[in-house]
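Inspection log for the structure reproduced underneath, given as structure tokens.
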There are 2 protein chains.
Amino acid sequence: MSGISEFRPAKIPSDDRGLCYGDGLFETMRVRHGRVPLLERHLDRLLRGCEKLGISAPGRDILIRHIEAAAASLTGEGVVKLLLTRGSGGRGYRPARSGPRLVTSIHPIPGQRNDRYHSGVEVQLCTTRVGRNPATAGLKHIGRLEQVLAAMELRDEADEGLMLDELDQVIEGTRSNLFLAGNEGLVTPVLDYSGVAGVMRDWVLEAADRLGMRAQESPVSLDDLASADEIFLTNSVLGIWPVICIRELGWESACGPITRRLMNAFNEEIGAWDD
Amino acid sequence: MSGISEFRPAKIPSDDRGLCYGDGLFETMRVRHGRVPLLERHLDRLLRGCEKLGISAPGRDILIRHIEAAAASLTGEGVVKLLLTRGSGGRGYRPARSGPRLVTSIHPIPGQRNDRYHSGVEVQLCTTRVGRNPATAGLKHIGRLEQVLAAMELRDEADEGLMLDELDQVIEGTRSNLFLAGNEGLVTPVLDYSGVAGVMRDWVLEAADRLGMRAQESPVSLDDLASADEIFLTNSVLGIWPVICIRELGWESACGPITRRLMNAFNEEIGAWDD
């Protein structure tokens, strides 16, 4: 259920550096009962990103005020998006010392098939590669053209697409992080050269630690994927999705016990969607 | 001289996919005596980009009308920027079949030191790397965060910065393409994995052919750079800039005869800036 009947977007000046150069960051946050359960993690990532990009960040209290005001305008479940750009000005690519621009917006829960996020999703291998760049790896910056191109590839029956880098390493989903699970514990791709370091990915790594599971960041190949016992995806808005099929690899599986255990931990700490 | 006393940016909705995901392209075009000398080349690149990104492009006549209207509002020399985004809508990264959004704006000639663009520029080697991604290589898409970070590195005395990829290949300037010149003719870096394929780069490759110079696209290393007889940069707004110094490499040179010959050809065909 979404508390949004209509969303009227704010207007921003066309010289905003986010629009001109992708010079900004964003966070897409789940709101449940008026609260943002992963708020602190989202703020941490956003502020780390500002530091890395040299954007003078607003205070944490100001960010919280913006997010809470947007969350309050949702009557039920939904999503608050916070876009933070470097603002306007500068000489071409070189920025001025202008303050950042904050834009909040509210959105319904994405997807028409939330049931599949519990019972299991079908994943497609995308041919669009995710670029390698240590300067921006891990950040949730605006430049997501690769993900747009990958999402355009998706067949109707695919709930999500997986992206490789040009070295044939599996990096992430178009809007999710990837985990492999088995007797050895959890493995998630290293994100030093590409990919977005998701807040749910961090949550899972910490939860695994609490639950006494071994978890590591490591390069992941297609062979690793094909031979995984369990595969799941994480996204801060939708939580943990068991993968039940990757057609290109002939990989099929029901939701496994490790994935189920983490989903239960998530539902206990953060709460399942009311759907 | 610029005919702009004040530039009031248009406002665009904050759900524009260019702002949200860097889902769009742009062209920055030089206007001289009310005309855009490289118009056809800019349109070619923009339309090639639209095709590659699956953006339903407006007709060439519509684009020309927008550009000419903006150019007409310049009273002297200046720059017209055309931003073309995929518009609003879609489910997250996956676009809807919405039409594109066009935003034109006018700008003064960049830089306070145009004289240096004739007498020679000092170039700095940037530590920020340009990412490798065959899906978006060559396109002038919105996501220019790497170039922003590189431009932020520039010392006061540096007119432009050179960027390498993570394989230590020299790719381009932050806002220009790179050429090496010598007895063997011209060499410019291959842009199959990264970089923007500039319209002036194309112009130079064709002009070299007309002038009977050998010209090739090839990988370029720092050693190639250090041992080059002549080095110049190209940018469709500022033309051809002789490089006279790369301090990190201890490379210094006066503007050489090949560079001078191409600058003369450019001034004859396109016209020098009136400064």
Exercise for the section: Grab the DSSP H runs of chain B that are 4 residues or longer, score each as -39,500 (n - 2.57), total them, divide by all residues and round the 222 nm result to the nearest 500 deg cm²/dmol. Expected result: -8500 deg cm²/dmol
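Note down the magnitude of the dipole of segment B:1-160 about its Cα centre, charges +1 on Lys and Arg C-beta and -1 on Asp and Glu C-beta and zero elsewhere, to the nearest 20 debye.
Values: 25 positive and 19 negative charges, 154 e Å.
The dipole magnitude comes to about 740 debye.
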Exercise for the section: For chain B, find the longest principal axis of its Cα atoms and tell me its angle to the long axis of helix B:199-210, 0 to 90°, nearest 10. Expected result: 50 degrees
Problem - Label-point separation in nm, B:Ala69 to B:Ser56, each point 7 Å along Cα→Cβ - result: 2.0 nm
Completion exercise
HN-Hα couplings for segment B:30-46 via Karplus (6.51, -1.76, 1.60; θ = phi - 60°), in whole Hz with x for Gly/Pro, come out as 6, 10, 9, 6, x, 10, 10, x, 9, 3, 4, 5, 4, 5, 4, 5, 4
Handout entry: Using a 7 Å Cα-to-Cβ projection, A:Glu248 label spacings across copies, nm, ascending
Key = 3.5
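How high is the FRET efficiency from A:Glu153 to A:Asp223, r the C-beta distance, R0 22 Å, rounded to 0.05?
Numbers: r = 22 Å, r/R0 = 1.01.
After rounding to 0.05, the efficiency reads 0.50.
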Exercise for the section: Kindly give the distances from B:Arg60 to its copy-mates, label point to label point, with each label point 7 Å from Cα along Cα→Cβ, as nm values to one decimal ordered shortest first. Expected result: 5.7
Fill in the blank from the handout: Expected sort for A:85-97, B:64-76 on mean C-beta neighbours within 10 Å, highest first, is A:85-97, B:64-76
Fill in the blank from the handout: Listed by chain and number, the residues whose amide H is under 5 Å from that of B:Val31, excluding neighbours fewer than 5 places away on the same chain and using placed H, are B:Gly78, B:Val79, B:Val80
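Please get the size of the charge dipole for the protein assembly as shown, origin at its Cα centre, with Cβ charges of +1 on Lys and Arg and -1 on Asp and Glu, quoted in debye to the nearest 20. Mind dumping the intermediate values first?
On the way: 64 positive and 78 negative charges, 405 e Å.
Here the size comes out at about 1940 debye.
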Exercise for the section: Rounded, prolate or oblate: pick one for segment B:206-275, where a ≥ b ≥ c are the square roots of the eigenvalues of its C-alpha gyration tensor, a/c under 1.5 means rounded, and failing that, prolate if a/b is larger than b/c, else oblate. Expected result: oblate
Practice task
Would you work out which of B:Met263, B:Thr127, B:Ser236 lies farthest towards the positive end of the dipole of segment B:114-269? Charges go on Cβ: Lys and Arg +1, Asp and Glu -1.
Solution key: B:Ser236
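Just in segment B:163-249: which trypsin sites (Lys or Arg not before Pro) are loop by DSSP and have at most 14 other Cβ atoms within 10 Å? Write down the numbers at each step before the final one.
Details: sites: B:Arg175, B:Arg201, B:Arg210, B:Arg214, B:Arg247; in loops: B:Arg175, B:Arg214.
Answer by residue number: B:Arg214.
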Practice task
Return one number: the angle in degrees, 0 to 90 and rounded to the nearest 10, between the long axis of the Cα atoms of helix A:60-72 and the longest principal axis of the Cα atoms of chain A.
Solution key: 70 degrees
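Grab the Cα-Cα distance for A:Arg260 and A:Glu184, subtract it from 0.36 nm times how many residues apart they are, and report the gain in nm with one decimal.
Separation in residues times 0.36 nm, less the Cα-Cα distance, equals 25.7 nm.
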Practice task
Would you mind classifying segment A:122-275 by shape? Square roots of the alpha carbon gyration tensor eigenvalues, ordered a ≥ b ≥ c; an a/c under 1.5 is rounded, otherwise it is prolate if a/b is larger than b/c and oblate if not.
Solution key: rounded
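Inside 10 Å of the C-beta atoms of B:211-217, what's the mean count of C-beta atoms belonging to other chains?
The shielding value for this peptide is 0.
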Exercise for the section: Using just the alpha carbons, could you tell me how many Å³ per residue the convex hull of chain B encloses? Expected result: 129 Å³
Handout entry: HN-Hα J in Hz across segment A:173-182 - Karplus 6.51, -1.76, 1.60, θ = phi - 60°, x for Gly and Pro
Key = x, 5, 9, 7, 9, 10, 10, 10, 9, x
Handout entry: Number of partner chain Cβ atoms within 10 Å, mean per residue of A:132-141
Key = 5
Handout entry: Antiparallel content of DSSP bridges confined to segment A:114-269, in %, to 5
Key = 60 percent
Handout entry: Using alpha-carbon coordinates, inclination of helix B:257-269 to the longest axis of chain B, degrees
Key = 40 degrees
Handout entry: Label distances, nm, A:Asn183 versus same residue in remaining copies, Cβ-directed 7 Å point
Key = 6.6
Fill in the blank from the handout: Residues meeting the amide H criterion for A:Gly120 (H placed from the backbone, H to H distance under 5 Å, 5 or more places apart or on another chain) are none
Handout entry: Per-residue ³J(HN,Hα) for segment B:49-57, Karplus 6.51 cos²θ - 1.76 cosθ + 1.60, θ = phi - 60°, Hz, x for Gly and Pro
Key = x, 4, 5, 5, 8, x, 8, 6, 7
Practice task
Specify, for chain B, the residue whose C-beta is closest to the rotation axis mapping it onto chain A, with the distance given in whole Å.
Solution key: B:Gly143, 1
Handout entry: Rough spin-label spacing in nm, given labels placed 7 Å along Cα→Cβ, for A:Trp251 and A:Ser119
Key = 2.2 nm
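Would you work out the charge dipole size for segment A:114-269 about its Cα centre, treating the Cβ of every Lys and Arg as +1 and the Cβ of every Asp and Glu as -1, and quote it to the nearest 20 debye? Before the final figure, lay out each step's value.
Numbers: 13 positive and 26 negative charges, 69 e Å.
Taking the Cα centre of segment A:114-269 as origin, the dipole is about 340 debye.
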Handout entry: Listed residue pairs exceeding 21 Å between alpha carbons, taken from A:Lys81/B:Lys140; A:Lys52/B:Lys81; A:Lys140/B:Lys81; B:Lys11/B:Lys52; B:Lys52/B:Lys140; A:Lys11/B:Lys52
Key = A:Lys81/B:Lys140; A:Lys52/B:Lys81; A:Lys140/B:Lys81; B:Lys11/B:Lys52; A:Lys11/B:Lys52
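Rule-based calculations on the coordinates, nothing more; no lab input. The structure presented is a predicted model; accordingly, all values stated were derived computationally and were not measured. Methodologically, a virtual Cβ is constructed for each residue, glycine included, from the backbone with ideal geometry; neighbour enumeration extends over all protein chains shown.
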